[in-house]
1. Could you bin all the Cα-Cα distances of the stretch 39-198 into 5 Å bins starting at 0 and give me the percent of pairs in each, rounded to whole numbers?
2. With θ set to phi - 60° and the Karplus curve 6.51 cos²θ - 1.76 cosθ + 1.60, what are the ³J(HN,Hα) couplings of the stretch 77-83 in order, to the nearest whole Hz, using x for Gly and Pro?
3. Using 1/(1 + (r/R0)^6) with R0 = 25 angstrom and r between the beta carbons of VAL117 and ALA188, what's the FRET efficiency to the nearest 0.05?
4. From the phi of every residue in the stretch 295-310, what ³J(HN,Hα) in whole Hz does the Karplus formula 6.51 cos²θ - 1.76 cosθ + 1.60 yield, where θ is phi - 60° and glycine or proline is x?
Amino acid sequence: MTEAAAEPGHAQKVLTGPRSTGHAVLAAARAARAVTAARRWASRVPPVVRDSLLPALLLLNIVTTRAPRELPVAVALTAALALPLLWRRRAPLTVVGAVAGAAFVQWLLDVQLPADVALLVALYTAAAHSGRRGTLIAGAVVEAGVLLACLRWATEGAFLTPFVAVTATAVAATVLGVNVRTTRAYLAALEERAARLEREQEQQARLAVAEERTRITREMHDIVTHNLSVMVALTDAAVYAQHRAPHRTTTAMLQISETGRQALTDMRRSLGILRADEPDAQRHPLPGIAQLEALADQMGAAGLPTRLDVHGGHAHVPATAQLTVYRLVQEALTNTLKHTPAGTHATVRIRCSTGSVTVDVTDSGPRPPRPATAPTGHGIPGMRERAAAYGGTLRAGPLPGGGWGVHTRLVLDSAAAVPA
């Protein structure tokens, strides 16, 4: 009978436990939502309105709790203590001085008021908006007021306890204000750093775009100038030989066609590198030192006999450095083809070592005098840019024994080497 009677009570306790826990969780959730809503509402309220709430509450408390005969002095002192808080964000140290002065008058009149909390609010504001020196000054002023208040209003034999308690409250207000100031400065530093990083990323992106644009322009210049110069030379040779040697005309036209197809392939390859889904960039590798022999044959067919000497193995030379060597030789031979008379011979010497590649391109033809108003072109400046990408200095000019020469040395192990 006892067990049967106890069972319903036990069941009720088991059911009541989870139900009460659920009510507690719901209450906590409601409280959290209320606090969040209060914070959102407070953030929307103007600072002047928020700062006026405490003075209004203190004045209302004095009006409703003080006797009529004490009301004038109490209201005047409360107003002197609380109203300066309206300007605490604009001039925190001045507000500390004004509130401390009103508190000192209150101490002289021997009147205790709840509005003394304004000292703690002013101290917190000074710590949150002033530097270390201002915080120390405000803390010293408030601590002096705490000492005077405890000396006058503490009960006999109980000075230490209220003094320590009020001092701890003042220290807590100071620490809270310093933490707010530190957090604000930290967030401002983070925002400034993020803005600076964003500006740097934008600048780097613009520089990368400009560098890539320059690289593409230089590559297109080399491809178009060289192939068009070869095609023009072959066309002139075909026209000259069409009546005297027709078979040479056919050979020249076939070479023109091959040169045009090679130009299209080079352009498609160079532009295809910019697209990951372009298959031609993989089917046609970049030209390098191994393709210089074909380039020399092409220049010889265009009317510029070219001798090629390659010393040392070039298997260890990176593909981008080999492309630079190829373009330098191509541009130098193209300039020779364009600016020298018939019968000129060219020589290309490539010396490969472990850490460098030396390029020498010379010819035997004189250069015609350039008019003062003639444009300088982009050939030699582009060659200098390519050489500079591998730590080299390009020299181009007439040779002592006649002819023209181009010389540079590419440093392969340079940390500053960038794709040319």
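Please treat every number below as a calculation from the coordinates, not as lab data. Computed from a prediction, not measured in an experiment: that's the story for all the values here. We place every Cβ from the backbone using ideal geometry, glycine too, and count neighbours over all the protein chains shown.
1. Distribution as computed: 1, 9, 15, 18, 19, 15, 10, 6, 3, 2, 1, 1, 0, 0 percent.
2. Here the 3J(HN,Hα) series is 5, 5, 5, 5, 7, 9, 4 Hz.
3. Working: r = 30 Å, r/R0 = 1.19.
Using R0 = 25 Å, I get an efficiency of 0.25.
4. Here the 3J(HN,Hα) series is 5, 5, 5, 5, 5, x, 5, 7, x, 10, x, 10, 9, 10, 10, 10 Hz.
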